[in-house]
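Structure first, commentary second.
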Amino acid sequence: MNKRKTCKWAVLFATLLIALSVTGFAAEPSIGILFDLKPLKMDVQPIIQQKNILVPFRAIGEAMGATINWDAETKTVFFIKQDKIIALQIGNVKAIVNQQEVVLDVAPIIVKDR
């Protein structure tokens, strides 16, 4: 009788262990951003794409005090702060930083209309 209970508990424990490890493996890591040592509130969470972390450009730009403009026709977002102007076009790995072309590792994308 005691041996049977021990066997049932062992099977239950093994089943739970397998289920929890599969769930943990499948879950995406949560990525948080700190700005001035405080969590930055974002309406879209950062994502990992091609081993790069993509962050919401507007949230970070506005936290830095920049003006963020969107040109829907060209699908280009502009970061403007003092003497710094950055232009990122959706789907294009080439960014423009103060009239200089810079090649990005990953092209900007739109996630949840952001």
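The values are calculated or read from the model by the stated rules, or taken from the named source; none is laboratory data. Every value quoted in this text rests on a predicted model; they were computed, and no experiment measured them. A quick note on method: Cβ atoms are made from the backbone with ideal geometry, for glycine too, and the neighbour counts reach across all protein chains shown.
Worth a mention:
- For the stretch 42-91, the set of residues classified as more than 18 Å from Val106 (Cβ to Cβ), of a type in the set (Ser, Thr, Tyr) and in a strand (DSSP E or B) consists of Thr67 only.
- Boolean, Ile31 is touching a residue at least 12 places away in the same chain (Cβ under 8 Å), assigned to a strand (DSSP E or B) and out of contact with any His (no Cβ under 8 Å at 6 or more places or on another chain): no
- All positions within the stretch 83-98 that are more than 16 Å from Phe57 (Cα to Cα) and modelled with pLDDT of 95 or more: Asn98
- Search result, residues across the stretch 92-112 that are assigned to a strand (DSSP E or B) and either among the hydrophobic types (A, V, I, L, M, F, W, C) or under 20 Å from Met42 (Cβ atoms) (or both): Ala95, Ile96, Val97, Val102, Val103
- In the stretch 65-84, the residue that is surrounded by the most Cβ atoms within 10 Å (Cβ to Cβ) out of those that are among the hydrophobic types (A, V, I, L, M, F, W, C) and without any contact (Cβ under 8 Å) to a residue 24 or more places away in the chain is Phe79.
- Residue pairs whose Cβ atoms lie under 7 Å apart, sitting 6 or more positions apart in sequence or on different chains, and linking a residue in the stretch 85-114 that is at negative phi to a partner that is of a type in the set (Val, Ile, Thr) and loosely packed, with under 10 Cβ neighbours inside 10 Å, are Val93/Val103; Lys94/Val103.
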